[in-house]
1. Kindly list the number of the only condition in (1) surrounded by 14 or more Cβ atoms within 10 Å (Cβ to Cβ); (2) under 21 Å from residue 30 (Cβ atoms) that fails for residue 86.
2. Restricting the stretch 94-148 to residues that are more than 22 Å from residue 30 (Cα to Cα), among the charged types (D, E, K, R) and touching a helix residue (DSSP H, G or I) at 6+ places or on another chain (Cβ under 9 Å), which is modelled with the highest pLDDT?
3. Test residue 56 against the stated conditions and say whether it is closer than 24 Å to residue 89 by Cβ, touching a residue at least 24 places away in the same chain (Cβ under 8 Å), open to solvent by less than 60 Å² (accessible area, probe 1.4 Å) and not aliphatic (A, V, I, L, M).
4. Looking for something under 14 Å from the mean Cα position of the chain (by Cα), of a type in the set (Gly, Ala, Ser) and at negative phi - is there at least one such residue anywhere in the stretch 32-46?
5. Looking at the stretch 108-132, which of its residues are touching a residue at least 60 places away in the same chain (Cβ under 8 Å), open to solvent by 50 Å² or more (accessible area, probe 1.4 Å) and under 14 Å from the mean Cα position of the chain (by Cα)?
6. Pairs needed: first member in the stretch 79-107, without any contact (Cβ under 8 Å) to a residue 12 or more places away in the chain and closer than 14 Å to residue 120 by Cα; second member anywhere, polar (S, T, N, Q) and open to solvent by 50 Å² or more (accessible area, probe 1.4 Å); C-beta distance under 7 Å; at least 6 residues apart or different chains.
Amino acid sequence: MSVCPCGSGVALVECCEPYLKGTAKAPTAEALLRSRYTAFTQADIDYIARSHHPSTRGQLDIAGTEQWAKNAEWQGLELLQVTDGQAGDQHGEIEFKARYRIKGKDCVLHELSQFTQKQGEWLYVDSRLPEIQQYIREAPKAGRNDPCACGSGRKYKKCCGARA
């Protein structure tokens, strides 16, 4: 038995496969997200489209999605934050990172996905990029011609800046 690509640690046949085959419905938004990731690893575009909410399904580029799914080497799913999306909820939001390799380049899909429950079935609605926390430098940046902060008396560019 192969382990499910979604990262649950459970066998595929006991984890996402029943959702992909349509013999069961994902009980939570997280289960749906994991099953959609698994569908991408298997290039199961029918499931990806079927698990997409009807209101946004028309925005799905089927051919492009299929090409991407087939050409990517899927390397793992990391859930960063799950907000709501349980059986009793109507909506859920999950921040995640999906790692893949394409044309020899390592890539990361980092997004916040929105889910809704419609007639007892969880569906993917849309996604957006997470807000990036801007780094604010506390000390002034050393200029190339400023004296080096290490105290050597040399210019930064000829001292510690040369190692950077």
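1. Status for residue 86: all satisfied but (1).
2. Of everything passing the filter in the stretch 94-148, 103 is modelled with the highest pLDDT.
3. Values: closer than 24 Å to residue 89 by Cβ: yes; touching a residue at least 24 places away in the same chain (Cβ under 8 Å): yes; open to solvent by less than 60 Å² (accessible area, probe 1.4 Å): yes; not aliphatic (A, V, I, L, M): yes.
Criteria met by residue 56.
4. Narrowing the stretch 32-46 to residues under 14 Å from the mean Cα position of the chain (by Cα): 32-41.
Retained after the next criterion (residues that are of a type in the set (Gly, Ala, Ser)): 35, 39.
From the residues that got through so far, the ones that are at negative phi too are 35, 39.
Yes, because at least one residue in the stretch 32-46 is under 14 Å from the mean Cα position of the chain (by Cα), of a type in the set (Gly, Ala, Ser) and at negative phi.
5. Matches in the stretch 108-132: 126 only.
6. Once the first residue is without any contact (Cβ under 8 Å) to a residue 12 or more places away in the chain and closer than 14 Å to residue 120 by Cα and sits in the stretch 79-107, no partner that is polar (S, T, N, Q) and open to solvent by 50 Å² or more (accessible area, probe 1.4 Å) comes close enough.
The values are calculated or read from the model by the stated rules, or taken from the named source; none is laboratory data. Nothing here was measured: the structure is a model prediction, and the numbers come from that model. Cβ: placed from backbone, ideal geometry, glycine included. Neighbour counts: every protein chain shown. Note: areas computed on protein heavy atoms with side chains; ligands, DNA, RNA excluded. Shrake-Rupley method; radii C 1.70, N 1.55, O 1.52, S 1.80 Å.
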